[in-house]
Amino acid sequence: LGFAWFAMVMGLCGLSLAWARAVPHSGSVALQVSQVVGVLAAGVMVLLLLGQLWRLLRYPAALLADARHPIRHVFVAALPSSLVLLPTVWVVHQGYSLWADVMWMLGATGLLLATLGVVGRWLQPGLAGQDFWPAITPALFIPVVGNVLPALAGTSLGHPVWAAAQYGLAAVLWPVALALVWGRIGMVGLWPQRLLPTTFIMIAPPSVLALSGHALGAPAMAVHMLAGVALFFTLLSFTVLKRCLQQPFGMPFWGMSFPLAASAALGLHLTPEPGH
């Protein structure tokens, strides 16, 4: 029951938000699907939080080991990412509420701390190449670029400056993380086969940067430029799909869910509404 399980909540929230984007094209059916998936995401979140609490009380050493593991530590950010995405779904359907505001702030703060923890590991003394490069996988984008998520609902919740600040952090760290991922391929080769589905996580940064940028008032040209990058990484990720499906299902497969939902949401956002 590692932190990677929260990728299920991220994927379901992303799917709910994508169906919400489809409402102008598909009507009330899309709205109902979005609401049902959003409720499902909240239910899964509650179960996972209870499971993690039980794990903390019964097996604290195992939980701490996940947070310190050279590869699994990046998945810690999936928890605060889920805390940001659930209120985002709520705001889309119900508007402002105090609980959504508080949860959003907790998630946004948690994301910032998770990013600080991940990047801070790079500055630890004694870190050598043989320890550094194997830990670099596309899962790195969860904490490093996850700071773009608060901007999806930040303006609606009354925190545009906070959201813009974290958006800026994500925009700066995304090229760094991307360069590290390519560098890892050149230094030690592709990530292990069981982590191959995480390749799809590369779709998420440009997709959410485009959607969040629009919410923060970014120029349409910048949104379209990011959409082009997102399309490229979507096509690139599908080149490994066959190899992904040749192995048994595992938690890394959930890493495909949110990026694909974000790509779909961006496509729906850029698609002209009927009658326009």
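Answer rounded, prolate or oblate for the range 67-217, using the Cα gyration tensor with square roots of eigenvalues a ≥ b ≥ c: rounded when a/c is under 1.5, else prolate when a/b is larger than b/c, else oblate.
prolate
Any idea which of 81, 20, 182 is furthest toward the positive side of the dipole for the chain, if Lys and Arg beta-carbons carry +1 and Asp and Glu beta-carbons -1?
Projecting each Cα onto the dipole axis, the largest value belongs to 182.
Subtracting the Cα-Cα distance from 0.36 nm times the residue separation, let me have the gained length for residue 273 to residue 222 in nm, one decimal.
So the extension gain works out to 16.3 nm.
Around residue 144, what is the net charge, scoring Lys/Arg as +1 and Asp/Glu as -1 over all other residues with Cβ under 14 Å from its Cβ?
Spelling it out: positives minus negatives among the neighbours equals +2.
Going by the alpha-carbon gyration tensor, a ≥ b ≥ c the square roots of its eigenvalues, is the range 1-97 rounded (a/c under 1.5) or, if a/c is not under 1.5, prolate (a/b greater than b/c) versus oblate?
prolate
Placing unit charges on C-beta atoms (Lys and Arg positive, Asp and Glu negative, everything else neutral), compute the dipole magnitude of the chain about its Cα centre in debye, rounded to 20.
It works out to roughly 600 debye.
At 1.4 Å probe size, with the rest of the protein present, what percent of the exposed accessible area of the range 98-216 is carbon and sulfur atoms?
73
Assuming a ≥ b ≥ c are the square roots of the Cα gyration tensor eigenvalues, decide whether the range 230-276 counts as rounded (a/c under 1.5), prolate (otherwise, with a/b larger than b/c) or oblate.
Note, shape of the range 230-276 comes out prolate.
In deg cm²/dmol, rounded to 500, what helix-only [θ] at 222 nm does the chain give when every DSSP H run of at least 4 residues adds -39500 (n - 2.57) and the total is split over its residues?
Calculated at 222 nm, the ellipticity per residue is -22000 deg cm²/dmol.
The values are calculated or read from the model by the stated rules, or taken from the named source; none is laboratory data. What you are looking at is a predicted structure, and each value in this text was computed from that prediction instead of being measured. Virtual Cβ from ideal backbone geometry, glycine too; neighbours counted across all protein chains shown. Ligands, DNA and RNA are stripped out before the accessible areas are found, and what is left, the full protein with its side chains, is counted by its heavy atoms. Shrake-Rupley method; radii C 1.70, N 1.55, O 1.52, S 1.80 Å.
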